[in-house]
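Report on one structure; see the data block that follows.
Computed from the coordinates by the stated procedures, all read-outs in this text should not be read as laboratory data. Keep in mind that what you see is a predicted model, and the values were worked out from it rather than measured. Please note: Cβ atoms are built from the backbone with ideal geometry, for glycine as well, and neighbour counts cover all protein chains shown.
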Amino acid sequence: MSNTTNPTSGRRRSSSSGRTYGGLSQDERKQQRREQFLQAGLNVFGTVGFRQATVRGLCKEAKLTDRYFYAEFGSIENLLTAVYEHHMTDIRNQVMTAFAAAEAGGDPQLLVKKALTAFYQALSDPKVARVCMVELEGVSKEVNQLYHAYIRSFADLILSLIRTLTPDWSYTEEEGAILSIAMIGAMRQAGTYWLLNPDTVQKDTLIRVSTQLFMGVFNEVKGQ
């Protein structure tokens, strides 16, 4: 039997995604670095804030070099929006899951309470709350557009729920848009107040009062 050494022995294995290192492919390492920067961004933006953040500080928090930072994000603003979108998408998905059981004639108070619980539970982490509720405003025109696009998407969810629960809905499109945006504004402001007053505002109280507010609007709409 030949004693010839396998030419690949002792070398890093290659795959369709590039060489492996430490058991991870090139694509997997890239994804891991992205996740490290997203977590670092949450930690930094959620504590000292976007305006006090530096590339050096973010890289130190991520335990990666600035070469990887610029290759993946290019700027601190791009990382901020990536962190925001990551967590807002997660929050939206949780709210949508709560709304999934909505049907005509269903119990609106139960659905509203479930949705608000999911929303505020996602904001229980003060770093997530700060990034999602505070840090984006006034950063740039492009960031403002992204922020308001997410606000509108949440308003569309609210409007869809109301229309599902009240098949005889008689509001105009304009009235519905204003109503749903106003309700999202109430959620946002209540959440911000909770964020700024964590020692005096209890989450259960926040959910209960917000549910009462939403039910007042719902009953008004239903009575039209």
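Data for the structure
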quantity: Cα point-scatterer Debye curve for the stretch 45-171, base-10 log of I(q)/I(0) at q = 0.10 Å⁻¹; calculated: -0.42
quantity: Karplus-derived HN-Hα couplings along the stretch 114-120 (A = 6.51, B = -1.76, C = 1.60, θ = phi - 60°), whole Hz, x at Gly and Pro; calculated: 4, 5, 5, 4, 5, 5, 6
quantity: ³J(HN,Hα), Karplus 6.51/-1.76/1.60, whole Hz, each residue of the stretch 133-150, x for Gly, Pro; calculated: 10, 10, 5, 7, 4, x, 5, 6, 4, 5, 5, 4, 5, 4, 4, 6, 5, 5
quantity: Compactness index (Cα Rg / 2.2 N^0.38 Å), the stretch 173-224; calculated: 1.30
quantity: Rounded to whole Hz, the Karplus (6.51, -1.76, 1.60) HN-Hα couplings of the stretch 28-37, x for glycine and proline; calculated: 5, 5, 4, 5, 5, 5, 4, 5, 5, 5
quantity: Efficiency of FRET between GLN31 and VAL201 - r from beta-carbon atoms, R0 30 angstrom, step 0.05; calculated: 0.20
quantity: Value of relative contact order over the chain, rounded to a whole percent, pairs C-alpha under 8 Å and six or more apart; calculated: 18
quantity: Cross-link partners of LYS203 among lysines (Cα-Cα below 17 Å; sequence separation of 8 or more within a chain); calculated: LYS113, LYS114, LYS127
quantity: Cβ-based net charge around LYS222, under 14 Å, with every Lys or Arg adding one and every Asp or Glu removing one; calculated: -2
quantity: Rough spin-label spacing in nm, given labels placed 7 Å along Cα→Cβ, for GLU142 and GLN109; calculated: 4.8
quantity: Order of ILE91, ILE151 under a 10 Å beta carbon neighbour criterion, fewest first; calculated: ILE151, ILE91
quantity: From the coordinates shown, mean projected area of the Cα convex hull in nm² corresponds to which of [x] 13.4; [y] 12.1; [z] 18.5; calculated: [z]
quantity: Rounded to 10°, Cα long-axis angle of helix 203-222 versus longest principal axis of the chain; calculated: 50
